[in-house]
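Notes follow once the structure below has been shown.
What follows draws every value from the coordinates through simple rules; no lab data is involved. Keep in mind the model is a prediction, meaning the values are calculated, not measured. Because the Cβ atoms are built from the backbone with ideal geometry, glycine has one as well, and the counts that use them run over all protein chains shown.
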Amino acid sequence: MLLEARGSLPAAAGAAAGQGTAQAGAATGLGVGSAPGDVVLERLEQLKLELGEQAKQLKLELGEIREEIRDQSQFVRVLMQGEFTATSSKDSTPYRENAFRYYGYSASPKTVQCMVTGEHMPIASIKAGHIFRQGWNRGFLPLLGVTSVHDPRNIILVRTEVETAFDRFELAIIPQNENGVECYQIYVLKESLLLNPREQFIGTGDTAKSDTHKWKDVHTKYLHVAGDNLPARRLLAFHAHHAIKHAVSAGWQKPGEVIVSQAGWVSPGYDRELMRKYLEGAVTSEGLLIAASEDNQSQ
């Protein structure tokens, strides 16, 4: 038995030595303690740094998204709580003259181009129409990009008949983005203005007076702006959203036939679908029309 045990010692030692050699070989294969191993460690350090930078970027983006959500939440609160009722006070701000200057004219020009028809008309025939009506709840304004209802960006210069159609939600101006260029497309929402011979003319239809512009002549065309300044896109998008909603309820348009493009609202982190859902449940276009009517009567 003793001889047996002694005989097994060299064998055990040999096995241990063989196992050690195998482990060393495996370690060498992994590159540990060798030049390839240093490369692996260096690469791991690089990955660590890259992941750290990505984490920082994600943190910044998350902060921007949270800020945008706060802004949208504030907007939604105003929408849900606001009521579109006529205001009792009158603002004496000379908004008409300011609007003329904003769009590249003098304070009292002799003629002004109608932004919708493109006609150059006597100043007496041009209205400085509010996109966001004077009679609507002004608490909405800061969230739409302006602080005063008389801000020139809330004004469009149009002939009287166009302003009336705009106020009645028969016409909308929808902000678009075509190949990176911001533009404003005109939509005639009330179908009878395009199809009914009795309603087709914007003005009188008098050939002698060259007042023969038709609604179909401006439908899907683009806003005419004399200077470099433009109306506020979010104000136009806000008006267009409710004008389209009214047009659908009145049977002038089918659901989804005309939409407010993302260009009207877009900003970093903006969620168009979320805003659409809130807008649909917030206020009614009928309430806006009533307020606009009361506003017109009080002027």
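How about K127: which lysines have a C-alpha closer than 19 Å to its C-alpha, ignoring those fewer than 8 places off in the same chain?
Answer for K127, where 19 Å is the Cα cut-off: K90, K110, K214, listed by chain and number.
Output wanted: per-residue J couplings in Hz (rounded whole) for segment 245-257, from phi through Karplus 6.51 cos²θ - 1.76 cosθ + 1.60, θ = phi - 60°, x for Gly and Pro.
3J(HN,Hα) across segment 245-257, in whole Hz: 4, 5, 4, 5, 5, 7, x, 7, 10, 8, x, x, 5.
Would you list which lysines come within 26 Å of K48, measuring only between C-alpha atoms, while excluding same-chain residues fewer than 8 positions from it?
K56, K59
Mind ranking 122-132, 195-205 by how tightly packed they are, going by the mean number of other C-beta atoms within 10 angstrom, highest first?
Going from most to least packed, we get 122-132, 195-205.
Could you pull out the pairs from K190/K254; K190/K216; K221/K245 whose alpha carbons sit more than 19 Å apart here?
Beyond 19 Å: K221/K245.
Scan around K127 for amide H atoms under 5 Å from its own, H built in the peptide plane at 1.01 Å from N, and keep only partners 5 or more places away or cross-chain.
The list, which skips near neighbours in sequence, is V158, R159, T160.
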